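Please read the structure below before turning to the comments.
The values are calculated or read from the model by the stated rules, or taken from the named source; none is laboratory data. Computed from a prediction, not measured in an experiment: that's the story for all the values here. FYI the Cβ positions are ideal-geometry reconstructions off the backbone, even for glycines, and counts take in every protein chain you see. Note: accessible area is taken over every heavy atom of the protein model, side chains too, but ligands, DNA and RNA are not part of it. Shrake-Rupley method; radii C 1.70, N 1.55, O 1.52, S 1.80 Å.
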Amino acid sequence: MKSLEKRLSAALHTQTAVDAARVEQTVQAVRMHYAAKPLRPRIGFGRFIVLQARLSGIRMWLWQGLVMLALLCGLNLVQANANILFTLRLLPFLLGCCGVATVTAAIPLVCRSVRYRMYEMEHACYFSGAQLLLARLLFIGAGMLLTLAATVGVVIGHRWLGVGCAVLYVCIPCLATACGDLALLRRVPLERFPVLGVVLGGGLVLVMRLMLHFSWYPQQFGIGCGALCIGLVLLCAVQVYHLAHTSSPAMG
């Protein structure tokens with residue numbers, strides 16, 4: 001083995017004259033070989049989204065459907081085992097937890113490539129890592145909207161709260177969690193994102209528990225709450241735009 005290493009080292013350190021004619025012949029041969037191969041048709045991003053929906057979108061929506069079922073069962077269980085006054089007082093906190101859980105439960109879906117050790121292979125694909133992440137975020141967002149709509153529908157159907165308060169108590173925690181998670185995706189490596197995302201969700205739940213303890217929850221959907229919702233939506237849109245168009249630690 002040592003003799004082989006010595007011969008290789010000697011061969012690498014030996015300077016040989018470069019034959020420009022042979023180099024040019026090799027370049028021309030490679031060009032002719034590449035030109036003779038038929039070009040494979042490229043798909044657009046819209047077609048890519050459709051394919052991703054069939055391959056991975058269905059699994060994501062099934063997981064989010066299970067999360068939605070668990071949340072709705074939890075709400076009904078609390079309502080069935082507590083008096084009405086206790087339930088109404090606790091309901092803003094429970095709905096906020098539903099909003100946070102809906103976003104936090106999607107973290108494993110974002111990090112599937114890291115979990116299955118496919119991250120480097122995905123980066124070698126025709127579509128960039130940012131486009132792959134954007135496709136996942138689109139599917140996750142669709143599932144989250146359905147989950148939150150079902151949660152609000154159950155609350156309104158039981159006549160626990162009005163439409164404005166139900167939307168307020170669910171959407172603001174959900175949008176705040178989404179903004180925080182998108183900011184983490186832009187600033188931290190994808191390997192660290194699951195732990196930090198769960199810590200963020202736990203921190204928001206703790207804040208909502210303090211708001212419940214000190215009775216800081218608003219009792220109606222006012223102009224300020226509407227402005228806050230719009231601001232969070234715009235902030236989420238800006239974060240997604242930057243994820244899709246700029247490099248970030250999550251994209252390698």
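Observations on the model:
- Residue that is nearest to C98 (Cα to Cα), among those in the stretch 201-220 that are open to solvent by 100 Å² or more (accessible area, probe 1.4 Å) and either polar (S, T, N, Q) or within 23 Å of the chain's Cα centre (by Cα) (or both): L206
- Just one of (1) within 30 Å of F214 (Cβ to Cβ); (2) open to solvent by 30 Å² or more (accessible area, probe 1.4 Å); (3) at pLDDT 75 or above fails for V67. It is (2).
- Selection status of R59, at pLDDT below 70, open to solvent by 30 Å² or more (accessible area, probe 1.4 Å) and over 30 Å from L206 (Cα atoms): no
- Scanning the stretch 204-221 finds one or more residues that are under 13 Å from L94 (Cα atoms), outside any helix (DSSP H, G or I) and not acidic (D, E).
- Residue that is of a type outside the set (S, T, N, Q) and at pLDDT below 70, where the choices are V114, V103, V155: V114
- Residues (within 14 Å of the chain's Cα centre (by Cα) and open to solvent by 80 Å² or more (accessible area, probe 1.4 Å)) located in the stretch 221-247: Y241
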